[in-house]
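Undergrad: Here it is: the structure, laid out below.
What follows draws every value from the coordinates through simple rules; no lab data is involved. Only a predicted model underlies this, so the values are computations on that prediction, with no experimental measurement involved. Counting neighbours? That spans all protein chains shown, and the Cβs are built from the backbone with ideal geometry, glycine included.
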Amino acid sequence: MYHYMIGTVTEITPSFITLENGGIGYLVYTPNPYAFESGTEYKVYLYQQIKEDEHSLFGFKTKEEYELFLKLISVKGLGAKLALPILATGSIAGIVDAIDRENILYLTKFPKIGDKLARQIILDLKGKINIEVSEELINDETEDLIDTLTALGYKSSEIKKVVGNVDKSLSLEDQVKEALKLLLK
């Protein structure tokens, strides 16, 4: 079983990347192949799926994406190929928030996720996902936002759940307003 691979991206297609390591090019399905840059070296977290007629690698840029993917594929009726579009089209914090708040409307916006499967996701995962924002995703602007929310009395765990959903192009004041709206939902 693989955990991660460090290699150079040599090819990018709409559904997978080719990650070269030790002279071998591995076909790796990813939620968003265009998040990678050709010719650049990456540490890619891997999930290996072995079926009777297929051996597949699924890769993720961050450990948080990888952990959420593992949780999603544990849901009855939700396989790896259905979990990828969820990760490609939604933010990690947004997906976890939708599950915890039982937001079926949010979950059914993903491709091939109907009402029944959305309810199954909520049933299987509500309150069971504890994914923290990785330190590499926190920059100076985000630190200011976290410091401000901490000063307002919010817990670190609450802040980390919403910080990924805040538009970083806004002023700090507007980021705080947006974060507060998310915290108060």
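Undergrad: Quick one: helix 80-89 against the long Cα principal axis of the chain, what's the angle to the nearest 10°, folded into 0 to 90?
TA: With rounding to tens, the tilt is 40 degrees.
Undergrad: Could you go through the range 65-73 in sequence order and give the Karplus-derived ³J(HN,Hα) for each residue, using 6.51 cos²θ - 1.76 cosθ + 1.60 with θ = phi - 60°, rounded to whole Hz, and x for Gly and Pro?
TA: So the Karplus estimates, Gly and Pro as x, are 4, 4, 5, 5, 4, 4, 5, 4, 6 Hz.
Undergrad: Would you kindly calculate the mean projected area, averaged across all directions, of the convex hull enclosing the Cα atoms of the range 3-134, in square nanometres?
TA: Average of the hull's projected areas for the range 3-134 equals 8.2 nm².
Undergrad: Which whole-number percent gives the relative contact order of the range 18-100, counting Cα pairs below 8 Å spaced six or more residues apart?
TA: The value is 24 percent.
Undergrad: For Ile129, which sequence-distant residues (separation of 5 or more, or a different chain) have an amide H within less than 5 Å of its own amide H, given hydrogens modelled in the peptide plane?
TA: none
Undergrad: Hey, what angle do you get for helix 115-125 against the long axis of the chain, alpha-carbon based, 0 to 90 degrees rounded to 10?
TA: Value to nearest ten degrees: 80.
Undergrad: May I ask you to list the lysines whose Cα is less than 19 Å away from that of Lys168, ignoring any residue fewer than eight positions away on the same chain?
TA: Lys160, Lys177, Lys181
Undergrad: Further, regarding this structure: Run the dipole for the chain about the Cα centre, Lys and Arg Cβ at +1, Asp and Glu Cβ at -1, nothing else charged, and hand back the magnitude in debye, nearest 20.
TA: 1000
Undergrad: Give me the angle, in degrees from 0 to 90, between the Cα long axis of helix 140-151 and the longest principal axis of the Cα atoms of the chain, rounded to the nearest 10.
TA: Once rounded, one gets 40 degrees.
Undergrad: Separate question: When the helix-only estimate is applied to the chain (DSSP H runs of n ≥ 4, each -39,500 (n - 2.57), divided by the residue count), what is the mean residue ellipticity at 222 nm, nearest 500 deg cm²/dmol?
TA: Result for the chain, helices only: -12000 deg cm²/dmol.
Undergrad: Can you spot the lysines whose alpha carbon is less than 18 Å from Lys61's alpha carbon? Ignore those fewer than 8 places along the same chain.
TA: Lys43, Lys71, Lys81
Undergrad: Dipole of the chain (Lys/Arg Cβ +1, Asp/Glu Cβ -1, origin at the Cα centre): which of Ile104, Asn130, Met5 lies farthest to the positive side?
TA: In the chain, that residue is Ile104.
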